[in-house]
1. Tell me, in nm to one decimal, what length is gained between D72 and A8 on full extension, where the rule is 0.36 nm per residue of separation less the Cα-Cα distance?
2. Could you order peptides 70-83, 108-121, 170-183 by the average number of other Cβ atoms within 10 Å of their residues, highest first?
3. Per residue, how much accessible area does the stretch 90-225 have with a 1.4 Å probe, in Å²?
4. By how many nm would the segment from F193 to K83 grow when fully extended, if each residue of separation counts as 0.36 nm and the alpha-carbon distance is taken off?
5. I need the shape label for the stretch 65-128. Rule: rounded when a/c is under 1.5, else prolate if a/b > b/c, else oblate, with a, b, c from the alpha carbon gyration tensor.
6. Return the long-range amide H neighbours of L136 (sequence gap of 5 or more, or a different chain), with a cut-off of under 5 Å between placed amide H atoms.
7. Check I41: other-chain or 5+ apart residues with amide H under 5 Å from its amide H, H built from backbone geometry?
8. If you project the alpha carbons of the stretch 23-173 onto the principal axes, what extent comes out on each, in Å, largest first?
Amino acid sequence: MPESEDIALTMEKTPAYFSFPPSHIPRLIKTYAPNAKLVLILCDPSKRVISDYAQELIMGSIKKERYPTVQDYLRNYMPKVNKFQNYQANDEHELKQLSDELLKLHSMDYPSTILTTGLYALHLSRWLQYYNSSNLFIVNGDELMNFPGRVIERVQDFLDVPKLLLQEDYVRDPETGFYCFKHPITDELSCMFAGKMRTRNGMTEYPTETMQELRSFYKSSNEHLYRLIGQRFAW
């Protein structure tokens, strides 16, 4: 990260830090950027699986010939990750052990992350050793999609920066129904490109039973997450 002047903020984004190895990433960031504030956006883990499956097909980490559908992927990988489904949330030793095993599996079998990334509570537990509500702001991805201006105003408050982006700066794209940012001076719209909406536009099909299976898989982890962050999401 480059150094910033006193009148400037430097920002960087990636989803990788949160759930990728090595396990000491939170400590490294806290050590070398002690004043950094983090914004963590979490989406519905069950829907995320559908999205990540589509993404990894595009990226080539899984092959359509082997996993023609997300159901084929789940039949192969659910048994491999079931051990992370139920655990004692108040047992710090078990949480540390499972978190380490989760990252080890990531390194050995990357396609497993289609399922394991959504085990948010296990990933978050290592970050909460160094961060709390004063320097970690958690956003419900569904709220960001549906009420982006409201969320962005709260993020600016958290970062303690002038509130320059307002709710009225976000308007729906009449073609897609998703929100765009409207430049306050030029009125030019900045919208998501189509590839970011492939699992949110109703065009990606999957059986109802698949979503039910995923919701059951993540139920315990989600409950643990809600206790950690002190709020509930409609997952």
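1. Values: separation 64, 0.36 × 64 = 23.04 nm, distance 4.87 nm.
18.2 nm is the gain from fully extending D72 to A8.
2. Working: 70-83: 15.2, 108-121: 20.0, 170-183: 13.7.
Ranked by mean Cβ neighbours within 10 Å, highest first: 108-121, 70-83, 170-183.
3. Working: 7700 Å² over 136 residues.
Here the per-residue accessible area is 57 Å².
4. Values: separation 110, 0.36 × 110 = 39.60 nm, distance 3.72 nm.
That works out to 35.9 nm of additional length.
5. On the way: a/c = 2.56, a/b = 2.15, b/c = 1.19.
Prolate, because a/c is 1.5 or more and a/b exceeds b/c.
6. Close amide H contacts, sequence-distant or interchain: L38.
7. Here the answer is V139, since their amide H atoms fall under 5 Å of that of I41.
8. Taking max minus min along each principal axis of the Cα atoms, the stretch 23-173 gives 50, 44, 27 Å.
The values are calculated or read from the model by the stated rules, or taken from the named source; none is laboratory data. The structure displayed is predicted, hence computed values, not measured ones. Reconstructed Cβ throughout: ideal geometry from the backbone, glycine too, with neighbour counts over all protein chains shown. Ligands, DNA and RNA are stripped out before the accessible areas are found, and what is left, the full protein with its side chains, is counted by its heavy atoms. Shrake-Rupley method; radii C 1.70, N 1.55, O 1.52, S 1.80 Å.
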